[in-house]
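Presented below is the structure to which this report refers.
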Amino acid sequence: MSFRPPKGTDDIGAPESNLWRDVLGEWERWADLFGYPLVATPIFEATELFERGVGSDTEVVTKQMYTFTDRGGRSLTLRPEGTAGVVRAFLDSGAKGPWKGSYSGPMFRHERPQAGRRRQFWQVGVEYLDVEGPAADAEVVELGYRFLTAVEIPGLDVVLNSLGDAVCRPGYVETLRGYLDAKREVLCDDSLSIVDVNPLRVLDCRVCAPVLADAPSMKDHLCESCADHYSQVKKSLEALEVPFVEDARLVRGLDYYTRTAFEYVATDLEAAQNAVGGGGRYDGLAESIGGRPAPGVGFALGVDRIVLASSREPAGRIDVYLVSESGPYEALIAASALRRDGLRVELDTEGRKVDTQFRAASRLGARAVVVLPAAGDDVDVRIGDERSGMPLGSVAKWLEGRL
Ligand SMILES: [Zn+2]
Ligand SMILES: [Zn+2]
């Protein structure tokens, strides 16, 4: 009998996992530079948290969740996204903001698997809570942009919109409803099924886009304070040199989203899978999951797609391959010394022939080879054509600046 990974999941090993490591390392670096500490929340939560926090009429909740009853009879769900859990953790901690948290980990959705879309997928993201000002929105958008630039997403676009708030959006939604009502005959079935529940989300439909080109735009219906907030966000992004394009069709569909909405798009990828992440302001979310009012802004990025889109070459994983003429015992002791000097070292624990060890060094892409002689004290260090004999204790210093 043999087992394969469940449908929609994959085993990710080297060399692909080397790029994953680089991307996740880059993520930690940028989250840290922007002041977002890690918040590790449970991978499963009460089902109701997602029903309320993601929205009970969304596709994620109605069709895609991995929900189960535990041995205590509780309905639990593997997290389909990261925001609800982090906001819950923030509310539960009793903290008064401004408060920042970042996350990185697997999420679960029962979707049709395709390139860049797995049923277990990895997201990184941030949440910034108890903040209202446009500078917070701009800082969050910038963080995602800097990270995605660092991991070399080709053709990266930031798409931006404002969704208004409780003051101005209801009026707009009514206007939109009237417009869509007159278009029922040309809407696709998916759009028809949501047009009464959530007309905003019809704007998101790629199929219907061509027949909705003249739909009324939220932009023309923003109240004065939303319009001001939006223009401040744009002004800040320009000053930060974060390029963006505006798109009135970017709606993100959920009721608790307010004002700023954005997406990061890898325009070099196929349209169906080119959104590498997105986010927005969600001033109503904390209340919708039963907490106190806590305005906030955040984003989530899909690492599976980022790895697919990245044009970055994974960094080499081995600094030194230790070729031993005297056997694995001596190699083990020498490798330990070099590792404690901060070098990434591989060795042959099996006592294979010296030729075989050299071939392993080149197959693994080791940047330097250190030959441990059968007799004598000095090792032989080689990088390309450069060679030098020296005591083992001098190797790290000699390699410094050469690797
Ligand atoms: Zn449609
Ligand atoms: Zn408004």
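Bear in mind that the values in this text are calculations on the coordinates, not laboratory data. Fair warning: this is a prediction, and the values are worked out from it, not measured in the lab. Here the Cβ positions follow ideal geometry from the backbone for every residue, glycine too, while neighbour counts run over all protein chains shown.
Listed from fewest to most Cβ neighbours within 10 Å, the set His229, His110 follows the order His110, His229. Summarising the overall dimensions of the range 51-186 from its C-alpha atoms, the Rg and Dmax are 18.6, 51 angstrom. Using Cα pairs under 8 angstrom and six or more residues apart, how large is the relative contact order of the range 320-399, in percent? 33 percent.
Computed over Cα pairs, the Kirkwood radius of the range 320-399 leads via Stokes-Einstein (1.306 mPa s, 10 °C) to a diffusion coefficient of 130 µm² per second. Across the range 131-198, Cα-Cα distances exceeding 21 Å account for 54% of all pairs. Separation of the range 173-228 from the range 110-137 is 24 Å, based on Cα centroids. Kirkwood Rh over alpha-carbon pairs of the chain, then Stokes-Einstein at 37 °C and 0.692 mPa s: what D in µm² s⁻¹, rounded to an integer? In µm²/s, the coefficient is 135. Kirkwood radius, the range 220-332, all distinct C-alpha pairs, inverse of mean reciprocal distance: 18.2 Å. More than 17 Å apart: what percent of Cα pairs in the range 108-165 qualify? The share of Cα pairs beyond 17 Å in the range 108-165 comes to 59 percent.
Protection proxy ranking, highest mean first, for peptides 136-142, 382-388, 193-199: 136-142, 193-199, 382-388, where packing is the per-residue count of other beta-carbon atoms within 10 Å, averaged. Ranked by the mean number of other Cβ atoms within 10 Å of their residues, highest first, the peptides 230-242, 179-191 fall in the order 230-242, 179-191. The range 64-78 and the range 238-252 have Cα centres spaced 38 Å apart.
For the range 174-228, with equal point scatterers placed on the C-alpha atoms only and solvent neglected, what are the log10 I(q)/I(0) values from the Debye formula at q = 0.14, 0.23, 0.28, 0.31 1/Å, to two decimals? Taking Cα atoms of the range 174-228 as identical point scatterers yields -0.37, -0.85, -1.16, -1.37.
Counting only alpha carbon atoms, the long axis of helix 83-93 and the longest principal axis of the chain meet at about 90°. In the chain, helices alone account for a calculated mean residue ellipticity at 222 nm of -9500 deg cm²/dmol, with every DSSP H run of four or more residues adding -39,500 (n - 2.57).
Note on Met1, Met390, Met218: ascending count of other Cβ atoms within 10 Å places them as Met1, Met390, Met218, the fewest first.
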